[in-house]
Every structure is written in structure tokens, then in C-alpha cells.
Amino acid sequence: MELISVGIEGLNKLIGGGIPRRTILLLSGVPGVGKTVFCQQFIYEGLKNGEYGIYLTMDESPEDVKERMKIFGWDVTEYEKKGQLVFIDCYSWRLGELSGSKSRFALSSPTDINQLNRIVIEGQREVQKFSDKGRVVLDSLSTLVMYAGLEPVFKFTQVFAARAKQQNNTGLLVLEEGVHDEKLSNALQYTTDGVIEFRMYEDDSNIKRQLRILRMKFAKHFANWVDFEITDNGITIK
């Protein structure tokens, strides 16, 4: 089975060389721990390696995502221009600025799961002109659940994951810990191929970050917690 690089120093070794292609992973952890940085690093690594990217952003505009990525040296401007990267804007509707969204793929209402499905399909068709394999990120499912409800989002996630794997994609789904009950987390773990958990703790008045590979199909991995840092170059694991 083909393994793909996560783009995070030290993590590939923990998962036997990389993430198996055509797997969908759930990233779970408290807000601010580094899940979004992980997703952006993952997408950028794929772009560098000739894969396409589809990024569904629920909690900030595509413009803000791109500016934050530049902080770590991940400028995706040219990738987007040549059609290798598509942002699906699931944020601008809340500002009443949908007509002014710079994304060609913008959601008008987070409660309209059918529209979201159509937009994802359209985005997939766009990037497939560039390559036959890619990476997808949905950040975050928690926001989608707040607006659309648990059952519709769970059904959407099943379809989204199945379609992504059929199209030769590897994907990340973000879930905020402490926002939902265990029912949602358990349901999503059932739908996905693996889970990466994140946590923060205080040590000598310093905030420490850790992650662990709780589960991952088709890959050898250690389930122990490991420390990681968010540096100027993104997430690193020593």
C-alpha cells in the first residue's frame, strides 16, 4: 500500500513511513492545540508532491487561511491559480458577504447539506484536471454540526469519506473536543479509518502539546503520547 508523507518532521516514523493513501482520519482535540496547523501542513506537503488539494473551511475565510499559511512559509497562491488547489468557502455566508466571496465554491447556508455535496463534487471535478490523486481537509465538522445537526452531518461524512477514497484522496476531518457529546465522536470514529488525538497540558508554567495515533487502519503505529511543537516551520516532533 502506498504511504504518503504527512509533511511533519518525526511523525512519518511514528506511523511506519506515512499515512496510507485513500484513508480518512479524524483529528480530535481541544481548540487551539494545533489541529488546523496540522491540516494546512498536510495539504501543503501534498501540493509540493504534485497532488491536488481540496480545503473546506468552516471557521474562517479562505483568504484568512491562506494568510495564516504564509506565516509558516506555505504560500499556496500559485497552486490555487493553476487549479491544483480549491478552497470551499463555508464561512463567508455568516458575514453576509457571500456575493463578495473570492472562492468559486461558496456555500450559501450551512444547513443545506445537499448544496455542500454538490459544491464538493464540483471542486473535485476542477482539481482532477490537474492530477489523479489528492488530499482533502474539512475544518471543522464541529461547526457544521452546530448548524446542520448531528444526523445530517453524520450522513454527509459517510458520503464524503466514501467519495474521497473512491477519487484516490487521503483526508483529514477536524473535530473539536469538549464541544459535543461522545455520541458524535464515537459515530465519526466508526466512519473514519483512524484517529489522531491532540491535547495540551501545563508543565512548569509552560504549555505543552502532545498527539497520539489512537487508531489507523493499514499502518503500524505507536499509540503513546508524543510531544510536538508549533515552530516557524509548522509542527515538528523530535
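The values are calculated or read from the model by the stated rules, or taken from the named source; none is laboratory data. A quick note: this is a predicted structure, and the numbers were derived from the prediction, not measured. Neighbour counts run over all protein chains shown; Cβ positions are idealised from the backbone, glycine included. For accessibility, only protein heavy atoms count, side chains too; no ligands or nucleic acids. Shrake-Rupley method; radii C 1.70, N 1.55, O 1.52, S 1.80 Å.
Checking each residue in segment 216-227 for being under 19 Å from residue 30 (Cβ atoms) and in contact with a helix residue (DSSP H, G or I) (Cβ under 9 Å, 6 or more places away or on another chain) picks out only 226. Within segment 192-216, residues that are within 29 Å of residue 23 (Cα to Cα) sit with their Cβ atoms under 6 Å from residues that are of a type in the set (Val, Ile, Thr) and open to solvent by 70 Å² or more (accessible area, probe 1.4 Å), at 6+ positions apart or across chains, in these pairs: 200/207.
Among the helices (runs of 4 or more DSSP H) confined to segment 1-102, there are none with at least 2 residues that are open to solvent by 30 Å² or more (accessible area, probe 1.4 Å), hydrophobic (A, V, I, L, M, F, W, C) and touching a residue at least 40 places away in the same chain (Cβ under 8 Å).
Taking the numbered list (1) crowded, with 17+ Cβ neighbours inside 10 Å; (2) in a loop (DSSP other than H, G, I, E, B); (3) touching a helix residue (DSSP H, G or I) at 6+ places or on another chain (Cβ under 6 Å) in turn, residue 130 passes all entries but (3).
Every listed requirement among (1) under 18 Å from residue 28 (Cα atoms); (2) at pLDDT 90 or above is met by residue 182 save one, (2). Number of residues in segment 71-122 that are of a type in the set (Phe, Trp, Tyr) and modelled with pLDDT of 95 or more: the value is 4. Listed by position, the helices (runs of 4 or more DSSP H) enclosed by segment 140-238 include none that has at least 2 residues that are at positive phi and surrounded by fewer than 17 Cβ atoms within 10 Å (Cβ to Cβ).
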